Amino acid sequence: MTSPQQPPITPLAATVLAVTLLGVAAIGSYAVIGLIRIYGDSRPAGQHQAIWHQPPQSALPSPSPTATKCLYLRADQEAVRQVPSTPEFDPNVDGRSMIAKLTTNLGTIVLKLDGAAAPCTVASFRHLAENGFYNRSTCHRLTDVRLWVLQCGDPGGNGMGGPGYEYADENLPTSGPYRRGVVAMANSGPDTNGSQFFISYRDNSLDPDYSVLGEVLSGLEIVDKVAAAGHDDRDDWGGGGKPKLRITIRSVTVAPA
């Protein structure tokens, strides 16, 4: 992965850089200068996926080829909430558009899931929803500096939890930003998708490392309200923190569009 073009280093910048590097040495591998991240599920040391903040582009994300089968592998981390077995991909259901309704304490958020472009991701989301995995889970992370997302999907509420399995990336954008309203999967590196997802409430210029699940059809104003209330600024994993306005997913239903 190449880094963005850097400006010349001035004497003042050199001093700041020296101090910053000392801080990085003291903290260890978790601090990376100029990086923003979206993590999901387990976050083992040395296996974090870095995301450079890139200039925005005009084109919309393009879908990846449709998968013909899905492989869900056991993750190193135990499930934060047990669900029966692993998802079973049904091409007659998961291979087409689906509607997911997230009933929260602040209202209902309706998503359109792109089963044609992300069938394995949709199959997993449907499986977790049908087995109550997302019920009574609080969205644990809000970011508002260089990255504008609300992250949900960990019943443990600390950003470390997952379903006990992981699966490959799909429907990665080939051009353009993660636009406002896009719903994508958080991860801890390539092909480590689990249960955590994020909703973009502004356009986000991220590297194309996050599987696009779908988009928000209605209820984005609820996310805007949560974002406007701010966060506690206590996230050690790349900025942001827990939303000050608590948003809890009470239940999730998924049905064909």
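We did not get these values from a lab; they are worked out from the coordinates using the rules stated. These numbers come from a predicted model, not from an experiment. Here the Cβ positions follow ideal geometry from the backbone for every residue, glycine too, while neighbour counts run over all protein chains shown.
Between GLU130 and ASP207, the distance separating the two model label sites (each 7 Å from Cα on the Cα→Cβ line) works out to 3.5 nm. Ordering 87-93, 222-228 by mean Cβ neighbour count within 10 Å, with the highest value first, yields 222-228, 87-93. A Stokes-Einstein calculation at 25 °C with viscosity 0.890 mPa s, built on the Kirkwood radius of region 130-257 over Cα pairs, returns a diffusion coefficient of 165 µm²/s.
Counting 0.36 nm for each residue step from ARG179 to LYS69 and taking away their Cα separation leaves a gain of 36.8 nm.
Listing MET185, MET160 from the residue with the fewest other Cβ atoms within 10 Å to the one with the most, what is the order?
MET160, MET185
Full extension of the chain between ALA228 and ASP76 yields a length gain of 51.1 nm, computed as 0.36 nm times the residue separation minus the alpha carbon distance.
With neighbours defined as other Cβ atoms within 10 Å of a residue's Cβ, the residues HIS127, HIS231 order from fewest to most as HIS231, HIS127.
Cβ crowding within 10 Å, taken as a proxy for footprinting-reagent exposure, orders ARG74, ARG179, ARG81 from fewest neighbours to most as ARG74, ARG179, ARG81.
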